[in-house]
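Colleague: One structure, as structure tokens, below. Some questions next.
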Amino acid sequence: MLIPLPELELMPQPVQRAVLLTFAGWCCFLFTTYAYYDPNSFIKFAIAGGIVCTFLYKGRRWARVMAMLSSIFIVLYGGFFAFLFAGKNASAMWLSIANMVCFAAAFYYLAVPASGRFFKKDTDPSDAGKADTSDSSKQDD
């Protein structure tokens, strides 16, 4: 890799792929937004994407949820615009499809169980013990 990313090397393979695909998807989405969709929305989307990508890279659980939600939104958004641009503007259509592919793949890798375990790594051990005791007491009844 050209840029050393030490945190990325410590992540499981699916999480690495999800982070890289999310970043690539946001870059593609921002370019497409600025060039074809709505240049006035570029700053808002750039801030949102920057926050999601930064904290996803840092391994925050809430950023995983936000990345998954934004992936769903952007896949639907990209599908609508790919359909809208079909036959009218080939480059906008293909960029919309690229957005859909990047974000759909990122969603998949974020939904894999290994990613879920990675993002749950910062749970408090005392909470896990409480959950175990409440489950065992229910089983005794």
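Derivation of every value follows stated rules applied to the coordinates shown; laboratory data play no part. Fair warning: this is a prediction, and the values are worked out from it, not measured in the lab. Backbone-built Cβ (ideal geometry, glycine too); neighbour counts: all protein chains shown.
Colleague: With within 13 Å of the chain's Cα centre (by Cα) and touching a residue at least 60 places away in the same chain (Cβ under 8 Å) as the only criterion, which of G25, G49 stands out?
Modeller: G25
Colleague: Residues that are surrounded by fewer than 16 Cβ atoms within 10 Å (Cβ to Cβ) and of a type in the set (V, I, T): find the helices (runs of 4 or more DSSP H) completely inside the range 1-112 holding 3 or more of those.
Modeller: 42-57
Colleague: Where residues in the range 53-97 are β-branched (V, I, T) and free of Cβ contacts under 8 Å to residues at least 12 places away in the same chain, which of them is farthest from V19 (Cα to Cα)?
Modeller: Going through the qualifying residues, I end up with V65.
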